[in-house]
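Single-structure report; data block below.
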Amino acid sequence: MPMITLNLSRPLDPDTRRAVVRAVTDLTAEVLGKKRELTALAVGHVEHWSVGAEPAGEALTAFHLEVRVTAGTNTKPEKANYIAAVWQALDELVGPLHPASYIVVTDLPADSWGYAGETQEVRHVRSRMVV
C-alpha cells in the first residue's frame, strides 16, 4: 500500500507521464513486493527547481521521488535495488537526469498510516487473530 509522490523539474507529455507511472508502479510491485492495486502515485511538475541555489536548467531533468511504506516490510537490499531500478527507469524515460535528484524510501510505523479508514497496524493484528 505505498503512496508515491514524484515531482519533476519539467512537465511531461501525456504518453511519457503514463510510461513513468507504469514503470514506477511496476518496480514498486516487483522490487518492493507491494500490491500493485494499492499503489498510489501522484506526479507533479515544479516550475522553479534549483540545485545549489541555481536553476536546474533545461538540459537535465531533476526529480524527487518519495515512496512511503510500512516500516519493517522491506530489507535494505530491496530498498537499494529499488532506488537503482527507479533511477535507471527514469533516466531512460525522462533523462538525462540531474545528479542531485533524489529517491527516498520512507518507513512509516504501521500505527501511523493506513487506507480505507484503517491503519496498517489494525490490518496486521486482524490477520494474526485466530477465529
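The values are calculated or read from the model by the stated rules, or taken from the named source; none is laboratory data. Just so we're clear, the structure is a prediction, and the values are computed from it rather than from any experiment. We place every Cβ from the backbone using ideal geometry, glycine too, and count neighbours over all the protein chains shown.
Among the residues of segment 100-113, the one identified as of a type in the set (Gly, Ala, Ser), surrounded by fewer than 17 Cβ atoms within 10 Å (Cβ to Cβ) and modelled with pLDDT under 95 is SER112.
Restricting GLU92, GLU54, GLU66, GLU118 to residues that are within 22 Å of PRO11 (Cβ to Cβ), modelled with pLDDT under 95 and not aromatic (Phe, Trp, Tyr) narrows the list to GLU54.
Restricted to segment 74-94, and to residues there that are within 15 Å of the chain's Cα centre (by Cα) and farther than 19 Å from ASN7 by Cα, the residue that is surrounded by the fewest Cβ atoms within 10 Å (Cβ to Cβ) is ALA80. Screening THR28 against (1) under 16 Å from ALA89 (Cβ atoms); (2) assigned to a loop (DSSP other than H, G, I, E, B); (3) touching a Phe, Trp or Tyr at 6+ places or on another chain (Cβ under 8 Å) leaves a single unmet condition, (2). None of VAL46, VAL51, VAL31 is touching a strand residue (DSSP E or B) at 6+ places or on another chain (Cβ under 7 Å) and either within 20 Å of ILE4 (Cα to Cα) or in contact (Cβ under 8 Å) with a residue 12 or more places away in the chain (or both) except VAL46. ARG18 meets each of the listed conditions (1) assigned to a helix (DSSP H, G or I); (2) within 15 Å of LEU6 (Cα to Cα); (3) touching a residue at least 12 places away in the same chain (Cβ under 8 Å) apart from (3). Residues that are touching a residue at least 40 places away in the same chain (Cβ under 8 Å), in a strand (DSSP E or B) and basic (Lys, Arg) occur at least once in segment 60-80. Can you say whether LEU97 is under 13 Å from VAL24 (Cβ atoms) and either at pLDDT 95 or above or surrounded by fewer than 13 Cβ atoms within 10 Å (Cβ to Cβ) (or both), as far as the supplied structure shows? Spelling it out, it is not the case that LEU97 is under 13 Å from VAL24 (Cβ atoms) and either at pLDDT 95 or above or surrounded by fewer than 13 Cβ atoms within 10 Å (Cβ to Cβ) (or both). Residues of segment 40-50 that are surrounded by fewer than 17 Cβ atoms within 10 Å (Cβ to Cβ) and touching a Leu at 6+ places or on another chain (Cβ under 9 Å): ALA42, GLY44, HIS45, VAL46.
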